[in-house]
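Colleague: One structure, pasted below without further comment.
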Amino acid sequence: MRTTILRTTLFAAAISAATTGWAETTVLTIESWRSDDQAIWDEKIIPVFEKQFPEIDVQFKPTTPTEYNAALNARLAGGTAGDIITCRPFDNALAMYEAGNLADIKSLEGLANFSDVAKAAWSTDNSDATFCVPMASVIHGFMYNKDAFKELGLAVPKTEADFYAVLDAIKADGNYIPMAMGTKDAWEAATMGYTNVGPAYWGGEEGRMALINGTAKFTDEGFVEGFKQMAKWTPYLGSGFQAQGYTDSQNLFTLGRAAIYPTGSWEITGFQENAEFELGAFAPPAKDASSDCYISDHTDIGIGMNANTKNKEAALTFLEWTSSAEFASLLTNAAPGFFSLANHNFEVENELAQEFMAMRSECKATIRVAHQILGRGEPALSNELWTLTANVINGTMTAEAAAQGAQDNLDAWFKP
Amino acid sequence: MSHSIPSGSRWRWYIVFFVAPATLIYTVFAIYPIVESLRLSLFAERDAVEAFVGIDNYKKLFTEPYWADQFWNAFKNNVWLFVLHMLIQNPVALALAAILSIPNLRGAATYRTIFFLPTLLSVVVIGFIWQLILSPLWGITPAFMNFMGVGKFFAPWLGLESSALTAVTLISIWQYVGIPMMLFYAALLNIPEETLEAARIDGLNGWSIFWKVKLPLILPTLGLVGILTYIGNFTASFDLIYTLQGGLAGPNGSTDVMGTFMFRTFFGFQAQLGDVNMGATVASSLFFIILIGVSVYLFGVQRRLQRYQA
C-alpha cells in the first residue's frame, strides 16, 4: 500500500515536472489600435493559433485608436512595447522602421502570398525591406438604414445628384437626421468625408499619383471640389455636429436616429451587433451618370515585429501564421469588414461585407490620398487634412483656403 | 541662559537626516527630469544619431511658421485661461470663503464640502460628465435651456472655435474653485477676533470690515493663490483639455495650450511621430515661462507685500 502511494506520488511529480517543462511558454504581446476587436482576437483568432503552437501564449493588448501611436512610441522608446506591432500603413510605419523600431521581415516565406500593391504599404520606397505582413484593407463608403429608406421610398444613390436628392428627401421628411457625422474628433471629417467621396473628383489613383509626381496640386479643380463637397454636407448633419464625436455619430446611427452614415467597412461587426434595423451599404457617388465611381480600398492594417523583441522566434512564427490562408479566412470572417490582403481564396460570409466587397468590382479603387509619400511633412498631411476638412464643414474656412492649406503643407518640404 | 548651545562647533548631522528624503525625491522626480529636458532640447537627431545643435531647436520653435504659429497660439490660449481664472475663479473663491467664514452660518460645513467636492474627482470623470451635460445630442443642457425659455441661445460650445476654450476654462473653474476657496477660508479664519472686534467698536460695518480689515490681512494669500493659478494654468490645464478635446485640442487648435502642444510634439499624434528633442524644447520653454513669471512675483511683488502682524 505504502509503496503504491509512494509510486503514485513519484509518478505525479514526474508528470508535473514534465508538463511544466513543456509548458514553458513564450508570451507574445500584440500592440494594436483595434480595441473594438478585443473579443474577436481573444475568442476567435488567438485560440486557433495557440492550438497549433501551444508553447506560445499570445495576448492582444490594444490602445484607443487616437492614442495608439503616441502610447506605442513611448513604450518603444522605454523598451516596454509588445513583441508584435500592428502597423498603420505607409509613411507612419516607414518612419517607425527607419527609427529602428520595426524589424525587416522580408525573409518571411509567407510574404509570397501577397501582391506587390499590398506589400507596398509596408515596404521602403525601393522595396529593399518589408517590415509588416499586410493584414487587411478597409473599404470606404456609406452605410444606410434600410428600414428608413424603405419607409421614405428612397433608392440607393449612384451619382452626386442622386445623393443630394436622397439627403434632401430625408431632410424634408424630418424624422431622421440625414447624415450622422460630427467634426469634434476631426478625423472622421477627413477619413469618412474628404477621402471617401473626394476620389470621384480627382480621379482616384490618377489624381493621387499626379500629386506624387508633382503634375497636380491640391489647388487643382478636383481636389478643391472634394472640399466643396464637404461644405455641401453641412446642412445635412445633425444640429450641434461641431461638438459631435465619433462615438456620438456611431450611436446616432445605430439608434436609428440618422439615416446615412459615411463610414468604412470596419464598422460592420459593431454595427450589426448594435443596430436593430437592417443595414445596407452603398459606394461613394459618381460625379454623374457617365463617370466611374471610386472607392478608397485602403490598405489599412499590417502586422510586424518589434525590432527589439526578446521573443524573436515566437514572433516570427506568429507572423508566418498571419500570412496563412487559415488566418486570412479567420480574420475576414471573424472581423467582417477587414478584408484580408492575401491572395488565398476564401469565402466572405457576411452579407454586408459582401456588399462592400461588391464595390471593388463596380468602382475603381484608390487609397487615402495623404498616406503614401505625401505624409512625411510636418505636420503629417493626413493630420492636417483632418483639421482642414473639419474647418470646411464647420464653415470657418472656404474650400479654396483648405486646398491652399494642404498645398502649403506639401510645398514646405515635398520635392516630387 | 547658562546652557546655550555652542554655535558652529558641532556638526548637526540630524539636519542631513531630515533633509535627505525630500532632497532625494525632488532630485529624482523634479530636478533630474528638468535638467534632462534642458539637455535634450539642445540636441537633435541627425542621421539617427543624437547630435549637439546648440539653440537650433529654439530657433526652429520661434522662427519656423509651423512651430511658431503653434507656440504662440498655445501661449495666447494659456494667457486667456489665466485671465479667466484670475477674473472668475479667484473672486468667486474669495466670495465663497468670505460668506463661509461668517460666524454661526447655518450649513457652512455642508456647503464647504459641496464646493470642494469636484476638486477631488478625477479629471477624466469631470471631462466625461461635462461632455455629456453639454452634448447637443444627449446632454441635458439643450432641454433645460428650452425649458427655461432660452433654448435659442444653446450652441455646441465645445465644438465652436469661438467658445470652446472659454467653455473648457469654465469647467476647469467649476472643478478647482474649491482650492483657492479653502486657502482664503483658512486665511480668513486666522484673523484674530480682537482685531475684528476693535474694528466693530470703531464703528465699521461688515462691508467695510471686509474691504478695510480682512482683505489687507489676507493679501499674502491672494498673492499665493495668484501664483498658484499662474503655474497651474500652464501645467494642470493639460489633462482636462486632453480629455475633453483630444490631442489635437480642436476645433482647429482653438483649445491648444502649452501642455497639449508639448504632448503632441513629444509623443506624436496619430500620423505624426513624436520628436523627443522638439518636445523637450517646448517643455523647456514652458519651464522658462513659469520661471520668469514666478521670479517676477517673488522679487517684484512678494517682497513688497506688507505683512500685518495682527
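Colleague: Of all residues in region A:224-249, which are touching a Leu at 6+ places or on another chain (Cβ under 8 Å) and not polar (S, T, N, Q)?
Modeller: The answer is A:Phe227, A:Tyr236, A:Gly238, A:Gly240, A:Ala243, A:Asp248.
Colleague: Go over the candidates A:Ala216, A:Ala210 one by one and state the one that is more than 14 Å from chain B (Cβ to nearest Cβ), farther than 21 Å from A:Asp185 by Cβ, part of a loop (DSSP other than H, G, I, E, B) and at pLDDT below 95.
Modeller: The match here is A:Ala216.
Colleague: Restricting to region B:254-302, count the residues that are of a type in the set (Val, Ile, Thr) and not in a helix (DSSP H, G or I).
Modeller: Going through region B:254-302 one residue at a time, the tally reaches 2.
Colleague: I would also like to ask the following. Count, please, the residues in region A:236-245 that happen to be assigned to a helix (DSSP H, G or I) and either out of contact with any Phe, Trp or Tyr (no Cβ under 8 Å at 6 or more places or on another chain) or more than 10 Å from chain B (Cβ to nearest Cβ) (or both).
Modeller: 3
Colleague: Suppose we keep only residues that are surrounded by fewer than 24 Cβ atoms within 10 Å (Cβ to Cβ) and out of contact with any strand residue (DSSP E or B) (no Cβ under 7 Å at 6 or more places or on another chain) within region B:270-279. Which one would you say is farthest from the other protein chains (Cβ to nearest Cβ)?
Modeller: So the residue we want is B:Gly279.
Colleague: Additional query: Could you list, ordered by first residue, the pairs with Cβ atoms under 8 Å in which the first is in region A:76-104 and within 10 Å of chain B (Cβ to nearest Cβ) and the second is part of a helix (DSSP H, G or I) and charged (D, E, K, R), at least 6 apart or interchain?
Modeller: Listed by first residue and then by second, the contacts come to A:Asp91/A:Arg376; A:Ala95/A:Arg376.
Colleague: Going through B:Leu189, B:Leu158, B:Leu170 one at a time, which residue ends up being crowded, with 18+ Cβ neighbours inside 10 Å, of a type outside the set (Ser, Thr, Tyr) and either under 23 Å from A:Gln244 (Cα atoms) or at pLDDT 90 or above (or both)?
Modeller: Within the list B:Leu189, B:Leu158, B:Leu170, the selection yields B:Leu158.
Colleague: Which one is surrounded by the most Cβ atoms within 10 Å (Cβ to Cβ) among residues in region B:66-97 that are over 19 Å from B:Ile171 (Cα atoms) and in contact with a Phe, Trp or Tyr (Cβ under 6 Å, 6 or more places away or on another chain)?
Modeller: B:Ala97
Colleague: Could you grab me the full set of residues in region B:201-224 that are exposed (fewer than 14 other Cβ atoms within 10 Å of the Cβ) and charged (D, E, K, R)?
Modeller: Once the filter is applied, which keeps residues that are exposed (fewer than 14 other Cβ atoms within 10 Å of the Cβ) and charged (D, E, K, R), region B:201-224 yields B:Asp202, B:Lys212.
Colleague: Tell me which residues, restricted to region A:367-416, are surrounded by fewer than 24 Cβ atoms within 10 Å (Cβ to Cβ) and of a type in the set (Ser, Thr, Tyr).
Modeller: Matches in region A:367-416: A:Thr387, A:Thr396, A:Thr398.
Colleague: Conditions: (1) closer than 24 Å to B:Leu87 by Cα; (2) away from chain A (no Cβ under 14 Å). B:Phe238 meets all but one. Number of the miss?
Modeller: (2)
Colleague: Please note which helices (runs of 4 or more DSSP H) are completely contained in region A:62-157 and include at least 2 residues that are of a type in the set (Gly, Ala, Ser).
Modeller: In region A:62-157, A:65-78, A:91-98, A:116-120 are the helices (runs of 4 or more DSSP H) which contain 2 or more residues that are of a type in the set (Gly, Ala, Ser).
Colleague: Also, quick follow-up: In region B:246-263, how many residues are more than 8 Å from chain A (Cβ to nearest Cβ) and either over 15 Å from the mean Cα position of the chain (by Cα) or within 12 Å of B:Thr169 (Cα to Cα) (or both)?
Modeller: Counting residues in region B:246-263 that are more than 8 Å from chain A (Cβ to nearest Cβ) and either over 15 Å from the mean Cα position of the chain (by Cα) or within 12 Å of B:Thr169 (Cα to Cα) (or both) gives 7.
Conditions (1) surrounded by fewer than 18 Cβ atoms within 10 Å (Cβ to Cβ); (2) closer than 24 Å to B:Asn78 by Cβ; (3) charged (D, E, K, R), marked per residue:
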{"residue": "B:Phe144", "(1), (2), (3)": "yes, no, no"}
{"residue": "B:Thr166", "(1), (2), (3)": "yes, yes, no"}
{"residue": "B:Trp174", "(1), (2), (3)": "yes, yes, no"}
{"residue": "B:Val177", "(1), (2), (3)": "no, yes, no"}
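The values are calculated or read from the model by the stated rules, or taken from the named source; none is laboratory data. Here the structure is a predicted model, which is why all the values come from computation and not from measurement. Virtual Cβ from ideal backbone geometry, glycine too; neighbours counted across all protein chains shown.
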